[in-house]
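Q: Provided herewith is a single structure, encoded as structure tokens, for subsequent inquiry.
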Number of protein chains: 2
Amino acid sequence: MTGLRLSLNQATVKHLTLDQVVGLCQRHEIEAVGLWRDRVAERGLAPAAAAVRAAGLHVSSLCRGGFFTHADAAARAGALADNRAALTEAAELGADALVLVSGGLVPGSRDLGLARRMVADAVAELVPVAQRLGVRLGVEALHPMFCADRCVVSGLGEALDLALQFPAEAVGVVVDTYHVWWDAGLAGQIARARGRIACFQLADWVLPLPADPLLGRGHLGDGHIDLAQITAQVLAAGYRGFAEVEIFRQEIWDAPADETAATVRRRFGELLG
Amino acid sequence: MTGLRLSLNQATVKHLTLDQVVGLCQRHEIEAVGLWRDRVAERGLAPAAAAVRAAGLHVSSLCRGGFFTHADAAARAGALADNRAALTEAAELGADALVLVSGGLVPGSRDLGLARRMVADAVAELVPVAQRLGVRLGVEALHPMFCADRCVVSGLGEALDLALQFPAEAVGVVVDTYHVWWDAGLAGQIARARGRIACFQLADWVLPLPADPLLGRGHLGDGHIDLAQITAQVLAAGYRGFAEVEIFRQEIWDAPADETAATVRRRFGELLG
């Protein structure tokens, strides 16, 4: 018994509306949910927040902010404005964290250092807003296969190097097993993340990778990741939040949502409950 | 002018026989070649070595050894025997290094530590053989997207941690831009690799990734990697060997080999010559 509590990230059942996800969580006795901004916007922020609250659901994360790396100043300013809006939404929803995916290389550039400095500058801009609203930014490291086009923060150590420049209550990191499991230094980085883990996301690494490697995730236990070990390390680092199951996979999206939720819950209990 | 000299890894023109690759290098005034064991075996080891020597070609690497991670002892012993044979071949060919791809997770296991210890044990077994034959082992870090099924050594730092346990003349590392470019700590690891770079391989990272991510490489300059910067770091670390262009890509395999060699040579000259 790890005592870890399950949250369902709504991307796992991405064809459902917000109200449908809320109903799904209630039917399957899942206490928390990770929300996506497009589904919140579709419902309307205030009604969405009210629906979640009325159902007694905790919001373990809002996905997502970030995408800071743009060549022109207007696009960078636009990204910051969008992230300020996302922080407002996260505050209204009572989310534990706003998940940040940094963005890839600046279009037309091969300069990783430039992209990484842009990300740090953007996070610095957002910190006062996050503090004022009482929302925590969660810097997510994505798997290095997404470095060029999606996220130049490629390992938990890098995410932490960034987060540690700011107050702990304003900036933490997201530990997503699909993205970080391969790292020989992972145990050390998780220990170093004590007090900084804003969100813990679970998915398995299933081979072969599909044509779109974003969709290579699978149900817990179907792949190659030692999820129990990583979870034990996260708990040993003092994390007491929810564990969000977030799976992007076509076959799972094609399955009935109640079947998916039942599988998520059963596997979570078997492996980590 | 970097002074760096070009080598053509034969996987870039994988449909050619050894003799055809030798002819191709001669026609395009490429001084060195990276060879693959299957093509050497097809020609016969002694005739292959004679053909390469007669053409005045240097052998910058032999690809490849490794794949040490097996569940049963017989398979592990078989892998070691195969690697001993590969060392003999590398000695006969006068190759600068035998490239080692470690192997992925042990079949049926999610234990990265176990797989990594197996790799270290196997390298330790091979070191005396390598020393006796005067061949250098090159531990290659593969991109983390291959960690589960192909190579549990996922970053240059890890490859170095392993190599540094052994004498420098016996064990070095392979720096392959396709595999390591994303690493925020890369510059520091290359500096730390002084005296240990056994082989330097070049390919670009081209998006979108194909269904088989092994084939996502592209001609130098077609992708997202700052090859000039990484090359400068490798040279600053004292590397004076060849730079091998090694590209696995279906469109390049489908192109006429002379066109490919001309493009390889031109891009290398433009970017790194």
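Q: Contour minus end-to-end for B:A50 and B:A187, with contour as 0.36 nm per residue of separation and end-to-end as the Cα-Cα distance? Don't jump to the answer; show the numbers that get you there.
A: On the way: separation 137, 0.36 × 137 = 49.32 nm, distance 3.89 nm.
Computed gain between B:A50 and B:A187 is 45.4 nm.
Q: How large is ³J(HN,Hα) for each residue in the stretch B:133-147, as worked out from phi by the Karplus curve 6.51 cos²θ - 1.76 cosθ + 1.60 (θ = phi - 60°), to whole Hz, x for Gly and Pro?
A: Coupling constants for the stretch B:133-147: 8, x, 10, 9, 7, x, 7, 9, 8, 9, 3, x, 5, 9, 4 Hz.
Q: Compute the label-point distances linking A:A187 to its equivalents in the other copies; points lie 7 Å from Cα along Cα→Cβ; give nm, one decimal, shortest first.
A: Ordered by distance, the counterparts are at 3.2 nm.
Q: State the answer as a single residue: which of A:L6, A:L209, A:I247 lies farthest towards the positive end of the charge dipole of chain A, with beta carbon charges of +1 for Lys and Arg and -1 for Asp and Glu, about the Cα centre.
A: The one lying farthest along the dipole's positive direction is A:L6.
Q: Taking 7 Å along the Cα-to-C-beta vector as the label spot, tell me the B:A255-B:D149 distance in nanometres, rounded to one decimal.
A: So the two model labels end up 2.7 nm from each other.
Q: Enumerate the amide H contacts of B:F67 below 5 Å, restricted to partners 5 or more residues apart or on another chain; note that Pro and chain-start residues carry no placed amide H.
A: Correct list: B:V101, B:S102, B:G103.
Q: Within 10 Å of each Cβ in peptide B:77-90, how many partner chain Cβ atoms are there on average? Round it to a whole number, please. Walk me through the numbers on the way to the answer.
A: Details: counts 0, 0, 0, 0, 0, 0, 0, 0, 0, 0, 0, 0, 0, 0.
Average neighbour count from other chains, rounded to a whole number: 0.
Q: Out of the DSSP beta bridges found with both residues in chain A, what percent are antiparallel (nearest 5)? Walk me through the numbers on the way to the answer.
A: Working: 2 of 33 bridges.
Of the beta bridges lying entirely in chain A, close to 5 percent run antiparallel.
Q: Same structure, new question: Hey, got the average number of other protein chain Cβ atoms within 10 angstrom for residues in B:101-109? Can you show the working numbers first?
A: Numbers: counts 0, 0, 0, 2, 3, 0, 0, 0, 2.
That average works out to 1.
Q: So what is log10(I(q)/I(0)) for the protein assembly as shown at q = 0.06, 0.08, 0.13 1/Å, when the Debye sum runs over its Cα atoms only?
A: So the normalised log intensities are -0.32, -0.56, -1.24.
Q: Can you work out the Karplus-derived ³J(HN,Hα) for every residue in the stretch A:219-224? Use 6.51 cos²θ - 1.76 cosθ + 1.60 with θ = phi - 60°, whole Hz, and x for glycine or proline.
A: Taking θ as phi minus 60°, the curve returns 4, 4, x, 7, x, 9 Hz for the stretch A:219-224.
Q: Show me the ranking of peptides B:99-110, A:157-168 by mean Cβ neighbours inside 10 Å, starting with the highest.
A: Values: B:99-110: 20.6, A:157-168: 19.1.
Result, highest mean first: B:99-110, A:157-168.
Q: Assume the label is 7 Å from Cα along Cα to beta carbon: what separations in nm does A:K14 have to the matching positions in the other copies?
A: Result, one decimal in nm: 3.0.
Q: What are the trypsin sites (Lys or Arg not before Pro) within the stretch A:205-273 that DSSP puts in a loop, where the Cβ has at most 14 other Cβ atoms within 10 Å?
A: Taking the stretch A:205-273 and a limit of 14 other Cβ atoms within 10 Å, the loop trypsin sites (Lys or Arg not before Pro) found are A:R240.
Q: At most 12 other Cβ atoms within 10 Å and a DSSP loop assignment: could you name the GluC sites (Glu not before Pro) in the stretch B:8-93 that fit? If you can, show how the numbers build up before the last one.
A: Values: sites: B:E29, B:E31, B:E42, B:E89, B:E92; in loops: B:E29, B:E31.
Loop-located and lightly packed - B:E29.
Q: I need the GluC sites (Glu not before Pro) found in the stretch A:191-273, filtered to DSSP loop residues with at most 11 other beta carbons within 10 Å of theirs. List each step's numbers first, then the result.
A: On the way: sites: A:E244, A:E246, A:E251, A:E259, A:E270; in loops: A:E246.
Those that pass, being in a loop and sparsely packed, number zero.
Q: Which whole-number percent of Cα pairs in the stretch B:51-103 have a distance greater than 19 Å? Can you show the working numbers first?
A: Working: 465 of 1378 pairs.
Roughly 34 percent, once rounded to a whole number.
Q: Whole angstrom only: what separates the Cα centroid of the stretch A:120-194 from the Cα centroid of the stretch A:47-115?
A: If you average the Cα positions of each part, the centres end up 13 Å apart.
Q: Using the Kirkwood formula over every pair of different C-alpha atoms, what hydrodynamic radius in Å results for the stretch A:154-260? Walk me through the numbers before you get to the answer.
A: On the way: mean 1/r = 0.0687 Å⁻¹.
The answer is 14.6 Å.
Q: For the stretch A:41-148, evaluate the Debye formula with one uniform point scatterer on each Cα (no solvent term) and list log10 I(q)/I(0) at q = 0.13, 0.16, 0.21 Å⁻¹, rounded to two decimals.
A: The calculated log intensity ratios at q = 0.13, 0.16, 0.21 Å⁻¹ are -0.51, -0.72, -1.07.
Q: With a point put 7 Å past each Cα toward its Cβ, work out how far A:E125 is from B:D226 in nm, to one decimal.
A: 2.1 nm
Q: Determine the dipole magnitude for the stretch A:39-159: charges of +1 sit on the beta-carbon of Lys and Arg, -1 on that of Asp and Glu, nothing else is charged, the reference point is the Cα centre, and the result goes in debye to the nearest 20.
A: Details: 12 positive and 12 negative charges, 26 e Å.
In total the dipole reaches around 120 debye.
Q: Give the long-range amide H neighbours of A:A32: residues separated by 5 or more places, or on another chain, with amide H under 5 Å away, using H modelled in the peptide plane at 1.01 Å from N.
A: A:L8, A:H58
Q: Do any residues of the stretch B:120-156 lose at least 10 Å² of accessible area when the full set of protein chains is present rather than just their chain alone, and if so which, with a 1.4 Å probe?
A: Buried on complex formation: B:H143, B:P144, B:M145, B:C147, B:A148, B:D149, B:S154.
Q: Between the label point of A:A71 and that of the same position in each other copy, find the distances and list them shortest first in nm, with every label point placed 7 Å from Cα along the Cα-to-C-beta direction.
A: For A:A71, the inter-copy label distances come out at 5.1 nm.
Q: So what is the calculated 222 nm ellipticity per residue for chain B, using -39500 (n - 2.57) for each DSSP H run with n of 4 or more, over all residues, to the nearest 500 deg cm²/dmol? Could the numbers behind the result be given before it?
A: Details: 11 runs with 120 residues, N = 273.
Computed mean residue ellipticity for chain B: -13500 deg cm²/dmol.
Q: Okay, moving on. Once you average over the residues of A:219-225, how many Cβ atoms of partner chains fall within 10 Å of each Cβ? Mind dumping the intermediate values first?
A: On the way: counts 0, 0, 1, 0, 2, 8, 4.
Counting Cβ atoms of other protein chains within 10 Å of each residue's Cβ and averaging gives 2.
Q: Taking chain B on its own, what percent of its Cα-Cα pair distances exceed 23 Å?
A: Percent of Cα pairs beyond 23 Å in chain B: 50.
The values are calculated or read from the model by the stated rules, or taken from the named source; none is laboratory data. Because the structure is predicted, anything quoted here is derived from the model rather than measured. As a convention, Cβ positions derive from the backbone with ideal geometry for all residues, glycine included, and neighbour counts pool all protein chains shown. All accessible areas refer to the heavy atoms of the entire protein, side chains included, with ligands and DNA or RNA removed. Shrake-Rupley method; radii C 1.70, N 1.55, O 1.52, S 1.80 Å.
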